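Read the structure below first, then the notes.
What follows is calculated from the coordinates using simple rules that are stated; it is not laboratory data. Note that the structure is predicted; figures quoted are calculated from it, not measured. Cβ: placed from backbone, ideal geometry, glycine included. Neighbour counts: every protein chain shown.
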Amino acid sequence: MAHHKSCLKRLRQNEKRRLHNRYYAKTMRNYLRDIRATKEKATAQEMFPKFQKMVDKLAKQNIIHWKKAANLKSGVAKMIAKLA
C-alpha cells in the first residue's frame, strides 16, 4: 500500500477514472447489443449515427483504441447493409 500523500491521491484518481471509463465503455457495448438485436434496417440506420458518435468520443478519450473504434463502426455498417 502507498504511504506517500501523492501516491494515495493518485490511487483515488485512478479508481475514479477507472469507474468513469468502465461506465461509458459499458454504455457503448449495451447500445451495440441493441443495434445488433434490431431486425429492421430503418431502426438500425437511425441508431447508427448515435453509435458512431459514442465510439468516436471513446476513442478520442483513449477509453477504447482508435482501431477498435474503426472496426466496430465498419462491422456495424456492414451488418446494417445486410439487413433487408
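State yes or no: is ALA70 small (Gly, Ala, Ser), surrounded by fewer than 16 Cβ atoms within 10 Å (Cβ to Cβ) and either farther than 19 Å from ASN21 by Cα or touching a Gly at 6+ places or on another chain (Cβ under 8 Å) (or both)?
Working: small (Gly, Ala, Ser): yes; surrounded by fewer than 16 Cβ atoms within 10 Å (Cβ to Cβ): yes; either farther than 19 Å from ASN21 by Cα or touching a Gly at 6+ places or on another chain (Cβ under 8 Å) (or both): no.
Answer is no for this residue.
Just the residues that are within 14 Å of LYS73 (Cα to Cα) and either loosely packed, with under 14 Cβ neighbours inside 10 Å or of a type in the set (Ser, Thr, Tyr) (or both), please, taken from the range 1-44.
Of everything in the range 1-44, those that are within 14 Å of LYS73 (Cα to Cα) and either loosely packed, with under 14 Cβ neighbours inside 10 Å or of a type in the set (Ser, Thr, Tyr) (or both) turn out to be ARG29, TYR31, ARG33, ARG36.
Out of THR27, THR38, which single residue is free of Cβ contacts under 8 Å to residues at least 60 places away in the same chain and either of a type in the set (D, E, K, R) or within 23 Å of LYS60 (Cα to Cα) (or both)?
THR27
In contact (Cβ under 8 Å) with a residue 12 or more places away in the chain and either touching a His at 6+ places or on another chain (Cβ under 8 Å) or surrounded by 15 or more Cβ atoms within 10 Å (Cβ to Cβ) (or both): does that describe ALA59?
no
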